[in-house]
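K.L.:
Quick one: the structure is below, and I'll ask about it shortly.
The values are calculated or read from the model by the stated rules, or taken from the named source; none is laboratory data. In this text the structure is predicted, and so the values were computed from the model without any measurement. Cβ coordinates were reconstructed from backbone atoms using ideal geometry, including for glycine residues, and neighbour counts include every protein chain displayed.
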Amino acid sequence: MGNEKKSVFGYLKEPYQKYGLAVPVKLGIASHPHALITGSSGSGKSQAVLFLLGKLLQAAPDIEVHVCDFKNSEDFSFLKGYAHYYSGEDCYAGVLNYYSLFCGARQGGTDKKRRLLICDEYPAFLNYLQMKDKAGKTKKAHDILGAVAEILMLGRGIESGIWIVTQRADSSLFSNGARDNFMAVIGLGKMSKEQKGMVFPGEEIPDGVFQAGEGMLLADGMEAVTVKYPLIQDAQEWKRHIRRILETADRRHMSGRE
Ligand SMILES: Nc1ncnc2c1ncn2[C@@H]1O[C@H](COP(=O)(O)OP(=O)(O)OP(=O)(O)O)[C@@H](O)[C@H]1O
Ligand SMILES: [Mg+2]
């Protein structure tokens, strides 16, 4: 795995804060396809995701990224009109569409494309579906829980990743213990003891209060580290860049299929 492509998952907090030195924590892209990004409201999750996505695309510009932005937030509005961007109610179709691509890749084995699904505000989305299910006697929440759990458990071998962004990380959000399949867990801002215990079980987490954009990163193959994410200076340019890479990859995939 020595020459596996890597991406930056954060900067070590101390050198960054003390000396402005950006010492990156890099993780293998193929070996760490799933990430859980958690923290209370305003802890910097969306900012961190934008940073992580930009970095991932620098390292792996060919990845096909699907984004489910349930809350229709300002942070992701730059993706409106992009073929794999879903907001609000459409996130249901977005996750299931990704799931069917994942199933196709599992069965066919021909499609060697690397993919990523990003779900911002995942619990809010699930809550919404659960409410609709009660009213309409449907089982949409169940569909999503099942699809996400399966991707978490089996996605790594076929390079189908998932990033879940959530304020809380309760195991009820992930069927059958699927939460244990995240290879990278990022906990931002001030976390309650309960949440720390859930996402960093058995880890010594310093009690220092983290500001927005600061927290812990626990990943497969390394000890937990304290990280800090940069506040993206020229967010507009960063977002333009992300969109350009996503659309270029999409065009390339389309023409490759003809
Ligand atoms: N890396 C950072 N460095 C400094 N400040 C930050 C950083 N990330 C976020 N902030 C500050 O915190 C605010 C909230 O960030 P962000 O919207 O990313 O949080 P969030 O966790 O996604 O919140 P919500 O749960 O409400 O969506 C930002 O507007 C910014 O002022
Ligand atoms: Mg957010």
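K.L.:
Hey, among Gly44, Gly10, Gly28, which residue is buried (at least 17 other Cβ atoms within 10 Å of the Cβ), more than 13 Å from the chain's Cα centre (by Cα), at pLDDT 95 or above and within 11 Å of ligand 2 (Cβ to nearest atom)?
P.N.:
Gly44
K.L.:
Right, here's the next one. For Phe102, work out the one condition from (1) more than 17 Å from the chain's Cα centre (by Cα); (2) away from ligand 1 (no atom under 16 Å from the Cβ); (3) of a type outside the set (Lys, Arg) it doesn't fulfil.
P.N.:
Only one criterion in (1) more than 17 Å from the chain's Cα centre (by Cα); (2) away from ligand 1 (no atom under 16 Å from the Cβ); (3) of a type outside the set (Lys, Arg) is unmet by Phe102, namely (1).
K.L.:
Right, something else. Out of the range 31-41, which residues are within 16 Å of ligand 2 (Cβ to nearest atom) and more than 19 Å from His66 (Cβ to Cβ)?
P.N.:
Thr38, Gly39, Ser40, Ser41 - these are the residues of the range 31-41 that are within 16 Å of ligand 2 (Cβ to nearest atom) and more than 19 Å from His66 (Cβ to Cβ).
K.L.:
Picking from Ala169, Ala219, Ala184, Ala149, which residue would you name as being buried (at least 16 other Cβ atoms within 10 Å of the Cβ), in contact (Cβ under 8 Å) with a residue 24 or more places away in the chain, among the small types (Gly, Ala, Ser) and over 23 Å from Cys68 (Cα atoms)?
P.N.:
The match here is Ala219.
K.L.:
I've got another one for you. Could you check how many residues of the range 47-73 are within 14 Å of ligand 1 (Cβ to nearest atom), surrounded by fewer than 21 Cβ atoms within 10 Å (Cβ to Cβ) and more than 15 Å from Arg244 (Cβ to Cβ)?
P.N.:
5
K.L.:
With the requirement that a residue be in a loop (DSSP other than H, G, I, E, B) and either in contact with a Cys (Cβ under 8 Å, 6 or more places away or on another chain) or among the polar types (S, T, N, Q) (or both), what does the range 217-249 give you?
P.N.:
Gln233
K.L.:
What's the number of the condition Pro230 fails, among (1) closer than 28 Å to Leu79 by Cβ; (2) free of Cβ contacts under 8 Å to residues at least 40 places away in the same chain; (3) within 16 Å of ligand 1 (Cβ to nearest atom)?
P.N.:
(2)
K.L.:
Let me ask something additional. If a residue counts only when it is in contact with a His (Cβ under 6 Å, 6 or more places away or on another chain), in contact (Cβ under 8 Å) with a residue 24 or more places away in the chain and more than 30 Å from Val209 (Cα to Cα), which strands (runs of 3 or more DSSP E) contained entirely in the range 1-108 have at least 3 such residues?
P.N.:
So the answer is none; nothing clears 3.
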